[in-house]
Amino acid sequence: MNGKAYIIGTGPGDSTLVTIKAVNTIKMLDILYTPEPKKGADSLALSIVKEYIPETVEIKQRHFPMSADGVEKMAA
(Lines give C-alpha, C1' and ligand atoms only; values in the text may rest on other atoms or scores of the structure.)
Protein backbone atom coordinates (compact mmCIF):
# COMPACT_ATOMS: atom_id res chain seq x y z
CA MET A 1 0.00 0.00 0.00
CA ASN A 2 1.48 3.35 -1.04
CA GLY A 3 0.42 6.64 0.34
CA LYS A 4 1.32 10.27 0.01
CA ALA A 5 1.43 13.03 2.55
CA TYR A 6 0.81 16.63 1.61
CA ILE A 7 1.52 19.66 3.74
CA ILE A 8 -0.94 22.38 2.86
CA GLY A 9 -0.61 25.94 4.05
CA THR A 10 -3.81 27.75 4.89
CA GLY A 11 -2.48 31.19 4.05
CA PRO A 12 -3.13 34.30 6.11
CA GLY A 13 -6.34 32.97 7.66
CA ASP A 14 -8.97 33.85 5.08
CA SER A 15 -10.58 30.84 3.37
CA THR A 16 -10.98 32.81 0.13
CA LEU A 17 -7.19 33.17 -0.10
CA VAL A 18 -6.40 29.43 -0.02
CA THR A 19 -4.78 28.51 -3.34
CA ILE A 20 -6.64 26.57 -6.01
CA LYS A 21 -3.92 23.91 -5.84
CA ALA A 22 -4.51 23.52 -2.08
CA VAL A 23 -8.27 23.19 -2.60
CA ASN A 24 -7.80 20.60 -5.36
CA THR A 25 -5.44 18.62 -3.15
CA ILE A 26 -7.87 18.71 -0.21
CA LYS A 27 -10.65 17.42 -2.47
CA MET A 28 -8.66 14.29 -3.35
CA LEU A 29 -7.67 13.30 0.20
CA ASP A 30 -8.86 10.22 2.08
CA ILE A 31 -7.71 11.51 5.48
CA LEU A 32 -6.94 15.06 6.59
CA TYR A 33 -4.81 15.60 9.68
CA THR A 34 -5.06 19.03 11.24
CA PRO A 35 -3.09 20.57 14.10
CA GLU A 36 -4.82 20.93 17.46
CA PRO A 37 -3.06 23.74 19.34
CA LYS A 38 -4.39 22.68 22.75
CA LYS A 39 -5.99 19.41 23.82
CA GLY A 40 -9.66 19.59 22.87
CA ALA A 41 -9.30 22.98 21.14
CA ASP A 42 -10.56 23.65 17.64
CA SER A 43 -8.05 23.78 14.81
CA LEU A 44 -7.75 27.19 13.18
CA ALA A 45 -6.36 25.51 10.05
CA LEU A 46 -9.43 23.27 9.86
CA SER A 47 -11.81 26.21 10.25
CA ILE A 48 -10.09 27.94 7.31
CA VAL A 49 -10.40 25.02 4.87
CA LYS A 50 -13.54 23.30 6.18
CA GLU A 51 -15.75 24.55 3.34
CA TYR A 52 -13.51 22.79 0.80
CA ILE A 53 -13.46 19.36 2.47
CA PRO A 54 -15.71 16.73 0.87
CA GLU A 55 -17.91 14.67 3.22
CA THR A 56 -15.93 11.55 2.27
CA VAL A 57 -12.70 12.87 3.82
CA GLU A 58 -11.94 11.56 7.30
CA ILE A 59 -10.72 14.38 9.55
CA LYS A 60 -8.30 13.68 12.37
CA GLN A 61 -6.82 16.23 14.73
CA ARG A 62 -3.46 15.74 16.39
CA HIS A 63 -2.15 17.80 19.26
CA PHE A 64 0.60 20.05 17.97
CA PRO A 65 1.41 22.79 20.45
CA MET A 66 1.90 26.18 18.88
CA SER A 67 4.65 27.09 21.29
CA ALA A 68 8.37 27.85 21.32
CA ASP A 69 8.69 25.67 24.44
CA GLY A 70 10.75 22.66 23.34
CA VAL A 71 9.76 20.63 26.41
CA GLU A 72 6.04 21.07 25.64
CA LYS A 73 6.61 20.06 22.01
CA MET A 74 8.53 16.93 22.96
CA ALA A 75 5.81 15.93 25.43
CA ALA A 76 3.19 16.24 22.69
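Quick look at the numbers
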item	result
Solvent-accessible area per residue for the chain (1.4 angstrom probe, square angstrom)	78
About the Cα centre, charge dipole magnitude for the chain (Lys/Arg +1, Asp/Glu -1 at Cβ), debye	180
Fraction of accessible area attributable to carbon and sulfur, the chain (%, probe 1.4 Å)	56
Relative intensity, log₁₀ I(q)/I(0), of the chain from a Debye sum that treats every alpha carbon as a point, q = 0.11, 0.16, 0.25 Å⁻¹	-0.31, -0.64, -1.22
Helical contribution to [θ] at 222 nm, DSSP H n ≥ 4, -39,500 (n - 2.57), averaged over the chain, rounded to 500	-6500 deg cm²/dmol
Additional length obtainable on full extension of the chain from N24 to K50, 0.36 nm per residue less Cα span	8.0 nm
Theoretical gain in end-to-end length, Y6 to K60 [0.36 nm per residue, Cα-Cα removed]	18.0 nm
Peptides ranked, highest mean first, by Cβ atoms within 10 Å: ranges 50-63, 28-41	28-41, 50-63
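The values are calculated or read from the model by the stated rules, or taken from the named source; none is laboratory data. Please read these numbers as outputs of a predicted model, since none were measured by experiment. Don't worry about glycine lacking a Cβ; one is built from the backbone with ideal geometry, like all the others, and counts go over all protein chains shown. Remember, those area values only see protein heavy atoms, side chains included, never the ligands or the DNA or RNA. Shrake-Rupley method; radii C 1.70, N 1.55, O 1.52, S 1.80 Å.
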